[in-house]
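The values are calculated or read from the model by the stated rules, or taken from the named source; none is laboratory data. As the structure is a prediction and not an experimental result, all values here were calculated from the model. Ideal geometry is used to build each Cβ from the backbone, glycine not excepted, and the neighbour counts take in all protein chains shown. Calculation scope for accessible area: heavy atoms of the full protein, side chains included, ligands and nucleic acids excluded. Shrake-Rupley method; radii C 1.70, N 1.55, O 1.52, S 1.80 Å.
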Amino acid sequence: SINGLPISKVETRELSPYVSISRKLIPMQYLFCIVYYESTTNSIYQMFNTPPLYQNYERGRALIMYNASAENTAIPLVLDPTGIIDTSSTFWNQPATTAYESKEELDAYFETFQGTSYDPTLGYTFAFTEMLMPYLPYFSNCYTFDSYIPFWMLVEGHECNLPNNYPRSWNRYKFPPLPDLDSIKVTGPFDFLQSPIADWCERNLTCNYEEDITTAYNNPRWFETSTGSVLFNFIRQPVNYFNYTGRQNVYPPTANDGGGALGINYYTTQSIDNIIPVYYDHTAGDAIFGCTTQCFGRKYTLVITYYQVDKHVKRIIAASLVGDEYDFDQTNTQYELLVSYSALDWYGLILTFAFSLEIFIVLFIMIGILTVFLA
């Protein structure tokens, strides 16, 4: 059994023999992932918190974070040197001279940030034009997380709060921000005007620009891009371990281990709607004359809404990043990142067409019958 449940009722995977000689079974992990395309860098300057690759993982595959609180004044602010974190277009290059040698490196370091494919006739073709990532791009120096903000850790931490702009009588205040499983209440297509009881996370992070804000770049940086630009994307539904790694086995390596690109292809083949774009809103900056390049937001709000499908499954519906409080101060690197992660109520699900086509057909028929009856 696992966690008191029969193995037959738990989705599992084997641990690698390098971790467990007996290849112990553990529960399958699922997490929301971010898709970042190389093509994005043609219009928006490349993120500064690109992950380590290849040999950088020789001591273990982990993203290192330095957990320092914004309130801890004893720890000085350290901005990473631009020459190190600005990895430029070389980040996407093949690691070795040939595709076969590159495949050896990918297997040696269990590389997931890649999309190499294999053909029995043509052999290996190295490809790395998209990344499936567990963390948010661009926010490269934030207290509590440092260079990498894993999305699951961001919205499932004890720092999450409920919004404070509702009346004290609001029913959601009866439950904690992250309610236990027994308290989860799903709002389905026929739960008219109802609201779910599900995870809600409002939290603030203090961050610093690591881009050189004293210098204009050739391409607009993420905070300088125009309203409606797509900064990055979410996969609509949680990704399991095998789709994240692009491998169907933990060991041994196979010719078809295509990294995260295989996972991206798996979801986009199902439906392009599985890719949820994160749109940037620069409206507050547009209201300030000359606020295009070297104009810096001091407050950003990342808004993610989702559909609580059942007690266990969430599906992201929409996401955006809204900038505010812009100025031209090139001596101040600090800004606030506000996060709002919540489940949509029935009305919000209807407006965003979160239900299936069949459900909407039934709803329209019911509304038509009701209209005729009332007339």
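For the range 172-191: of the residues being outside any loop (DSSP other than H, G, I, E, B) and open to solvent by 30 Å² or more (accessible area, probe 1.4 Å), which is nearest to Phe360 (Cα to Cα)? Checking each candidate, the answer is Lys185.
Within the option set Thr129, Thr121, Thr97, Thr116, being over 28 Å from Ile304 (Cα atoms) and in contact with a strand residue (DSSP E or B) (Cβ under 9 Å, 6 or more places away or on another chain) holds for one residue only, Thr116.
Note on the range 330-355: among residues that are open to solvent by 60 Å² or more (accessible area, probe 1.4 Å) and not in a loop (DSSP other than H, G, I, E, B), the one that is modelled with the lowest pLDDT is Leu351.
The one condition from (1) touching a residue at least 24 places away in the same chain (Cβ under 8 Å); (2) under 24 Å from Ala343 (Cα atoms); (3) over 23 Å from the mean Cα position of the chain (by Cα) that Arg236 does not meet is (3).
For the range 144-158, filtering for residues that are open to solvent by 40 Å² or more (accessible area, probe 1.4 Å) and either farther than 22 Å from Tyr209 by Cβ or free of Cβ contacts under 8 Å to residues at least 60 places away in the same chain (or both) leaves 4.
Reported count of residues in the range 220-272, each being touching a Pro at 6+ places or on another chain (Cβ under 7 Å) and either open to solvent by 20 Å² or more (accessible area, probe 1.4 Å) or of a type in the set (A, V, I, L, M, F, W, C) (or both), is 3. Of everything in the range 111-124 that is of a type outside the set (Asp, Glu) and open to solvent by 50 Å² or more (accessible area, probe 1.4 Å), the residue that is farthest from the chain's Cα centre (by Cα) is Thr121. Within the range 192-219, being touching a strand residue (DSSP E or B) at 6+ places or on another chain (Cβ under 6 Å), open to solvent by 40 Å² or more (accessible area, probe 1.4 Å) and under 25 Å from Asp80 (Cβ atoms) holds for one residue alone: Asn204.
Consider Thr90 carefully, then state whether it is in a helix (DSSP H, G or I) and not acidic (Asp, Glu). Spelling it out, Thr90 is indeed in a helix (DSSP H, G or I) and not acidic (Asp, Glu).
For Val322, the test of being β-branched (Val, Ile, Thr), buried (at least 20 other Cβ atoms within 10 Å of the Cβ), touching a Leu at 6+ places or on another chain (Cβ under 9 Å) and at pLDDT 95 or above is failed. For first residues located in the range 93-106 and free of Cβ contacts under 8 Å to residues at least 24 places away in the same chain, partners that are in a helix (DSSP H, G or I) and lie 6+ apart or on another chain with Cβ distances below 8 Å form the pairs Ala96/Ser102; Ala96/Glu104; Ala96/Glu105.
Figure legend. Inter-residue proximity from the range 164-191: first residues farther than 22 Å from Ile359 by Cα, second residues surrounded by fewer than 16 Cβ atoms within 10 Å (Cβ to Cβ) and among the polar types (S, T, N, Q), beta-carbon distance below 8 Å, spacing 6+ or different chains. Indicated pairs: Phe175/Ser183; Pro177/Asn161.
Residues are listed down the side, and each one gets a yes or a no for (1) farther than 16 Å from Tyr148 by Cβ; (2) in contact with a Cys (Cβ under 6 Å, 6 or more places away or on another chain); (3) among the hydroxyl-bearing types (Ser, Thr, Tyr):
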residue	(1), (2), (3)
Ile26	yes, no, no
Tyr36	no, no, yes
Thr41	yes, no, yes
Ile44	yes, no, no
Met47	no, no, no
Pro52	no, no, no
Gln55	yes, no, no
Asn67	no, no, no
Asn72	yes, no, no
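Take the conditions (1) within 30 Å of Asp191 (Cα to Cα); (2) surrounded by fewer than 19 Cβ atoms within 10 Å (Cβ to Cβ); (3) in contact (Cβ under 8 Å) with a residue 12 or more places away in the chain; Lys314 misses just one of them, which is (2).
Out of Asn141, Asn218, Asn233, which single residue is of a type outside the set (Ser, Thr, Tyr) and at pLDDT 95 or above? Explain how you work it out, then say what you get.
Numbers: Asn141 fails: at pLDDT 95 or above; Asn218 fails: at pLDDT 95 or above.
Just one listed residue meets the conditions, Asn233.
To keep it simple, each residue is scored yes or no on (1) over 22 Å from the mean Cα position of the chain (by Cα); (2) surrounded by 16 or more Cβ atoms within 10 Å (Cβ to Cβ); (3) farther than 17 Å from Gly258 by Cα.
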{"residue": "Met47", "(1), (2), (3)": "no, yes, yes"}
{"residue": "Pro52", "(1), (2), (3)": "no, no, yes"}
{"residue": "Met65", "(1), (2), (3)": "no, yes, yes"}
{"residue": "Lys103", "(1), (2), (3)": "yes, yes, no"}
{"residue": "Tyr109", "(1), (2), (3)": "yes, yes, no"}
{"residue": "Phe126", "(1), (2), (3)": "yes, yes, no"}
{"residue": "Met131", "(1), (2), (3)": "no, yes, no"}
